[in-house]
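Take a look at the structure set out below.
The values are calculated or read from the model by the stated rules, or taken from the named source; none is laboratory data. Because the structure is a prediction, the values reported are computed rather than measured. Neighbour counts run over all protein chains shown; Cβ positions are idealised from the backbone, glycine included. Each accessible area value is taken on the protein alone, full model and side chains, heavy atoms only, with ligands, DNA and RNA left out. Shrake-Rupley method; radii C 1.70, N 1.55, O 1.52, S 1.80 Å.
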Amino acid sequence: MSAAGYTKPMSHRLLATGIAIALASVTLTANIVVPAEFRDVVTSATVIVRGRVTDVRSVIAPDRTISSFATIAVESVLKGDAPNLAIVKLPGGEAGGVRVVRVGAPTFKVGDRAVFLLKPGADNFLRPVGLSMGVYRVRIDPATGAETIAAPIVAGRTATAGQRVVRGDVRRRPMSVSEFESLVQMVSLGRAVRRGIRR
């Protein structure tokens, strides 16, 4: 048979058709994570706690979306009211042999410690404000063994005044947990005072 008269086997045509249908049914989405100013994250949070992750489970919802639920043993409450065990809902996870990764979403494992800046979603489950922007992880300084947290960018406090971020600014050093918690409370109180003045 000449090249002009050659036809693909039926199985190849079916495979190509199947791939085309599968590609047509895929929904492509893009996530844009817009950095928020630390003061805004603190203000948006209705609950701020420091705690340890004691359990992480992922589930598939009826609409086939996957979410993870992290149980946090609360060590300290910095803002709002929180039970001794708080459940935090996160997008993505691994369930039913499927793994979903959401850009900008934090992931946790048992034993992780952090300060969580949270607010309830439409389903009343607590979620980190701004996804990863609402999680400040507690790290151990290898040199001293002290617990530290990466300093957030707060103009005039941990970064150059005027909200400019300068590489090497000495105020961007890791903070002790108590320093960080004091900063959170100061920012939260400062916002409350300013709102009162406007009235």
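Where in region 117-156 are there strands (runs of 3 or more DSSP E), lying fully within it, with 2 or more residues that are under 14 Å from M175 (Cα atoms), in contact with a helix residue (DSSP H, G or I) (Cβ under 8 Å, 6 or more places away or on another chain) and open to solvent by less than 70 Å² (accessible area, probe 1.4 Å)?
Passing ranges, in order: 147-149.
Please go through region 72-98 and give me each residue that is in contact (Cβ under 8 Å) with a residue 24 or more places away in the chain and either assigned to a loop (DSSP other than H, G, I, E, B) or loosely packed, with under 12 Cβ neighbours inside 10 Å (or both), ordered by number.
Those that are in contact (Cβ under 8 Å) with a residue 24 or more places away in the chain and either assigned to a loop (DSSP other than H, G, I, E, B) or loosely packed, with under 12 Cβ neighbours inside 10 Å (or both): G80, D81, A82, G92, G96, V98.
Just give me the residues in region 78-107 being more than 22 Å from D63 (Cβ to Cβ) and within 10 Å of the chain's Cα centre (by Cα), in sequence order.
P106
Suppose the filter is within 16 Å of E181 (Cα to Cα), at pLDDT 95 or above and surrounded by 11 or more Cβ atoms within 10 Å (Cβ to Cβ); does R57 pass it?
No; evaluated as a whole, the condition is false for this residue.
Are any residues in region 99-116 touching a strand residue (DSSP E or B) at 6+ places or on another chain (Cβ under 7 Å) and open to solvent by less than 40 Å² (accessible area, probe 1.4 Å), and if so, which ones?
Matches in region 99-116: A105, P106, F108, G111, D112, R113, A114, V115, F116.
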